[in-house]
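Visitor: Quick one: the structure is below, and I'll ask about it shortly.
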Amino acid sequence: MKKIRIAGAGPSGLTAAINLAKAGYEVDVFEKAPDVGKHLKGGLQGLENWSDKKDIGDELREMNLETNFDLDPFYNFTVSNGRKNWDFEADPGTPAFYLVKRGSVPGSLDYGLKEQALQSGVNIRFQEKAPLEEMDIIATGPVKNEVFIAAKGIAFDTSMDDMAIAFVDDRAAYLGYSYLLVTNGSGCMCTVLFDRFSNVGDCLENTKRIFSEMVDLDIQNPRPDGGIGSFSLDCHFESNGQLYVGEAAGLQDMVWGFGMRSAMRSGYLAARSIIHGEDYEKDATECFRNKLKASLVNRYIWERFGARNYSMIFNGLKGTRNPPKHMHSFHNFNLLQRVAYPFAIRKMRDRYPELRL
């Protein structure tokens with residue numbers, strides 16, 4: 001069998017590597033950092049459970065991945081705009097999302113996938129910059145000139161009770177949201193901006209002040225956390241025989257930035273295309289195209305109807321019988337989104353000229 005070379009040891013690259021190694025391929029993963037998730041410091045991120053009817057735990061097993069990392073289900077979460085709080089609750093047995101740790105720390109998603117890759121026989125070549133023209137799979141993360149989202153915050157240890165709170169106000173996160181997440185003694189507070197990135201420091205300070213007024217904060221051993229994200233509708237899944245996965249392909253959630261599920265799924269599809277001789281471009285397009293279109297429409301709705309501090313959006317979501325199920329519809333290009341899409345794409349192309357929309 002041909003040796004497979006992968007650039008990048010993030011979730012998409014390692015998912016591809018694990019599947020290929022289990023199928024008998026010799027796999028080299030090139031990672032320029034000294035360890036997986038090195039720029040992350042144990043911060044918490046949400047692994048969403050609403051874009052597909054299948055629970056993410058079942059999907060991980062389908063992708064031949066073990067859950068040898070912390071995967072904490074959350075059924076309840078709160079959204080606030082400083083004037084009103086909305087408390088949401090998912091159906092019993094179906095979490096709204098799972099929290100995972102990120103970074104080079106025990107219990108993190110990154111460490112878990114690394115361990116699975118090494119046990120499967122993958123050779124991870126840390127601190128080696130990949131010669132991209134020689135790679136079979138490109139999993140190098142966000143494309144720097146197609147950034148639409150920036151996050152900055154802190155990860156910390158805490159004695160606080162488990163919680164998930166989002167705050168929507170442009171003072172704390174311009175056109176985005178701030179969040180406070182706590183699970184099993186670990187916490188993360190972050191601001192997520194969709195424009196005016198130079199204000200991210202001020203937004204983080206406002207975020208800290210706002211959450212300190214909402215809850216009794218206990219922040220121990222704070223570490224910097226954050227990152228950027230890129231998005232594209234014109235995803236190049238395959239070029240010159242190379243397969244692109246995760247954000248290197250343009251896969252992200254444009255409305256909130258929940259991209260891990262798509263990243264791992266794309267890595268799995270890329271590996272499967274090599275193992276079984278399937279058409280990755282076709283399979284990835286079928287899997288993600290409508291979700292990406294829905295995401296763009298959602299971003300348009302978020303920015304267009306976010307007047308009065310997003311009350312209209314969350315009042316509407318709160319009025320549904322099951323918000324997570326309702327969110328599934330709005331992540332899969334429903335009829336309303338199909339009608340709105342021609343108008344939304346024109347507006348978003350003007351709004352985000354640096355993106356391939």
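The values are calculated or read from the model by the stated rules, or taken from the named source; none is laboratory data. No experiment lies behind these values; they were computed from the predicted model shown. Heads up, the Cβs are rebuilt from the backbone with ideal geometry, glycines too, and the neighbour counts pull from every protein chain shown.
Visitor: If you take the residues in the stretch 232-278 that are among the polar types (S, T, N, Q) and part of a helix (DSSP H, G or I), which one is surrounded by the most Cβ atoms within 10 Å (Cβ to Cβ)?
Guide: Filtering the stretch 232-278 down to residues among the polar types (S, T, N, Q) leaves 232, 239-240, 242, 252, 262, 266, 273.
Now narrow it down to the ones that are part of a helix (DSSP H, G or I): 262, 266, 273.
Working: S262: 27, S266: 32, S273: 21.
Looking at residues that are among the polar types (S, T, N, Q) and part of a helix (DSSP H, G or I), I get S266.
Visitor: Out of the stretch 85-112, which residues are over 30 Å from D170 (Cβ atoms) and either without any contact (Cβ under 8 Å) to a residue 24 or more places away in the chain or not in a helix (DSSP H, G or I) (or both)?
Guide: Quick first cut of the stretch 85-112, residues over 30 Å from D170 (Cβ atoms) only: 91-94, 104-112.
Answer for the stretch 85-112, where residues must be over 30 Å from D170 (Cβ atoms) and either without any contact (Cβ under 8 Å) to a residue 24 or more places away in the chain or not in a helix (DSSP H, G or I) (or both): D91, P92, G93, T94, S104, V105, P106, G107, S108.
Visitor: May I pose another question? When only residues in the stretch 183-201 that are under 19 Å from W302 (Cα atoms) and of a type outside the set (F, W, Y) count, which is surrounded by the fewest Cβ atoms within 10 Å (Cβ to Cβ)? Don't jump to the end; show me each part of the working.
Guide: Applying the first criterion (under 19 Å from W302 (Cα atoms)) to the stretch 183-201 yields 191-197.
Narrowing the set further to residues that are of a type outside the set (F, W, Y) leaves 191-193, 195-196.
Details: T191: 28, V192: 26, L193: 24, D195: 15, R196: 13.
Of everything passing the filter in the stretch 183-201, R196 is surrounded by the fewest Cβ atoms within 10 Å (Cβ to Cβ).
Visitor: Taking E303 as meeting all but one of (1) in contact with a strand residue (DSSP E or B) (Cβ under 8 Å, 6 or more places away or on another chain); (2) among the acidic types (D, E); (3) assigned to a helix (DSSP H, G or I); (4) at pLDDT below 95, write down the number of the exception.
Guide: (1)
Visitor: Please verify whether L204 is of a type in the set (A, V, I, L, M, F, W, C), touching a helix residue (DSSP H, G or I) at 6+ places or on another chain (Cβ under 6 Å) and touching a residue at least 12 places away in the same chain (Cβ under 8 Å), treating the condition exactly as stated. If you could, list the steps in order and put the result at the bottom.
Guide: On the way: of a type in the set (A, V, I, L, M, F, W, C): yes; touching a helix residue (DSSP H, G or I) at 6+ places or on another chain (Cβ under 6 Å): no; touching a residue at least 12 places away in the same chain (Cβ under 8 Å): yes.
The answer is no for L204.
Visitor: A further question follows. Determine if the stretch 274-282 includes at least one residue that is touching a residue at least 24 places away in the same chain (Cβ under 8 Å), touching an Asp or Glu at 6+ places or on another chain (Cβ under 7 Å) and of a type outside the set (D, E).
Guide: Residues of the stretch 274-282 touching a residue at least 24 places away in the same chain (Cβ under 8 Å): 274-275, 280-281.
After this cut, where a residue has to be touching an Asp or Glu at 6+ places or on another chain (Cβ under 7 Å) as well, the list is 280-281.
Add one more test, that the residue is of a type outside the set (D, E), and what stays is 280.
Yes, the conditions are met somewhere in the stretch 274-282.
Visitor: Something else: Can you name every residue in the stretch 265-308 that is more than 16 Å from the chain's Cα centre (by Cα) and of a type in the set (D, E, K, R)?
Guide: Across the stretch 265-308, the qualifying residues are R272, E278, D279, E281, K282, D283, E286, R289, K293, E303, R304, R308.
Listed here are the residues, each with its yes/no results for (1) modelled with pLDDT of 95 or more; (2) under 23 Å from S295 (Cβ atoms); (3) in contact with an Asp or Glu (Cβ under 7 Å, 6 or more places away or on another chain); (4) assigned to a strand (DSSP E or B).
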| residue | (1), (2), (3), (4) |
| --- | --- |
| F30 | yes, no, yes, yes |
| G37 | no, no, yes, no |
| G42 | no, no, no, yes |
| L65 | yes, no, no, no |
| F69 | yes, no, no, no |
| R83 | no, no, no, no |
| K114 | yes, no, no, no |
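Visitor: Filtering the stretch 202-231 down to residues that are polar (S, T, N, Q) and assigned to a strand (DSSP E or B), which residue is nearest to K41 (Cα to Cα)?
Guide: Within the stretch 202-231, the subset polar (S, T, N, Q) is 206-207, 212, 220-221, 230.
In the following step, the residues that additionally are assigned to a strand (DSSP E or B) were identified as 220-221, 230.
Numbers: Q220: 14, N221: 11, S230: 21 Å.
Within the stretch 202-231, the match that is nearest to K41 (Cα to Cα) is N221.
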